[in-house]
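Report on the following structure.
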Amino acid sequence: MAIPLFTAAHVERAVPPERAVDAVRDAFVAYARGEWTMPPKVYVPAYPAGDFRAMPALGGGHALLKWVTSFPGNPALGLPTVAGLVVLSDASNGMLVAVLDAAAVTAVRTGAAAVLAAETLGRAGGSPAAVIGAGVNGRAVARTFVARGRDVVVWDVDFERASAAARSVGGAVASSREEALGADVVVTVTPGREIVLGEGSLRPGQHASLMGADGPGKAEIAVGELARVHVFCDDWEQASHNGDLVHAVEAGMLGREDVTQLGDVLAGVAPGRRDDEDVTVFDSTGLAIQDLAVALAALERTGGLDLPTIDLGR
């Protein structure tokens, strides 16, 4: 049996940013309605170096398992932070139908989720967005903003990395971290080892999508700041255990009633932004349903990509 293999380049060609945003939006709504299911993400710690993650999901007639890593020190060794495989199967008979590069799927859906949240929860208008963190996923976020017709500035502790990311997507480099943090829409895509948004840093009307704190011990926003703003998340159960939310929950400053899932807003069963002065924050931990959405979108393009295959024999 020959199984199509989507390399990183094939994933990017098959699922451009605008298609990714639509696919991820549909996945959030399907999950909110109970049409798609997602068992809990499993972390396999290999600290202090990093961790492995097993992420399953079921929906759209298919089942998915993503086996992916997060090893933040890898770039210093010339290795990627994120690596792994996405395995997609037919849910009617259990047969394998495709294998995809996990890092590319992760980047595509991270960009889509960050921008989708910003468009859903941010103020109306076309002011430039700022992306803080110019790694693979930060670059994907910036690319998605540009594809959606929004100007973007990029900031990173490594100026050359920020410059390269901005050039690659048609954006600009922020002159300072303060300039980036002052944008109406801010997306943080950092390793989550230090606070980016301190207490009192967000001004009325701003929106922030927090994409970096996706595992135990990580944080991009101060607990006091999270407690004073209007909080949204991708999935309460996951975010309250492994995202920025966990720190506020453990401190007793936020509970389930204080946080709205983005899918509920998109499905029309929960309110989003209250007014132009509302400060909105989206805590993203990365969901397997998003990976499934991107994998299914890629599968739609199988016929036109001249994909390599994996031969599993009889």
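Remarks
- A single member of Leu254, Leu210, Leu245 is over 15 Å from the mean Cα position of the chain (by Cα) and within 12 Å of Phe282 (Cβ to Cβ), and it is Leu245.
- Those residues of segment 247-263 which are under 21 Å from Val115 (Cβ atoms), open to solvent by 30 Å² or more (accessible area, probe 1.4 Å) and assigned to a helix (DSSP H, G or I), in sequence order: none
- When Pro204 is tested against (1) buried (at least 17 other Cβ atoms within 10 Å of the Cβ); (2) part of a loop (DSSP other than H, G, I, E, B); (3) in contact (Cβ under 8 Å) with a residue 60 or more places away in the chain, exactly one condition is not met: (1).
- Selection from segment 286-309 of residues that are small (Gly, Ala, Ser), assigned to a loop (DSSP other than H, G, I, E, B) and open to solvent by 50 Å² or more (accessible area, probe 1.4 Å): none
- Looking at Glu119, Glu194, just one residue is modelled with pLDDT under 95 and under 19 Å from the mean Cα position of the chain (by Cα), and that residue is Glu194.
- Counting the residues of segment 6-28 that are in a helix (DSSP H, G or I) and open to solvent by 20 Å² or more (accessible area, probe 1.4 Å) gives 11.
- In a residue-by-residue description of segment 223-242, the property of being part of a loop (DSSP other than H, G, I, E, B) and open to solvent by 30 Å² or more (accessible area, probe 1.4 Å) applies to no position.
- If the condition is being within 14 Å of Gly286 (Cβ to Cβ), open to solvent by 40 Å² or more (accessible area, probe 1.4 Å) and modelled with pLDDT of 95 or more, then segment 36-51 contributes no residue at all.
- Some residue of segment 132-146 being in contact (Cβ under 8 Å) with a residue 40 or more places away in the chain, part of a loop (DSSP other than H, G, I, E, B), surrounded by 24 or more Cβ atoms within 10 Å (Cβ to Cβ) and among the β-branched types (Val, Ile, Thr): no
The values are calculated or read from the model by the stated rules, or taken from the named source; none is laboratory data. Predicted, not measured: the structure shown is a model, and the values here were computed from it. All Cβ positions, glycine included, derive from the backbone under ideal geometry; neighbour counts span all protein chains shown. To get the accessible areas, we keep the full protein, side chains included, count just its heavy atoms, and leave off ligands, DNA and RNA. Shrake-Rupley method; radii C 1.70, N 1.55, O 1.52, S 1.80 Å.
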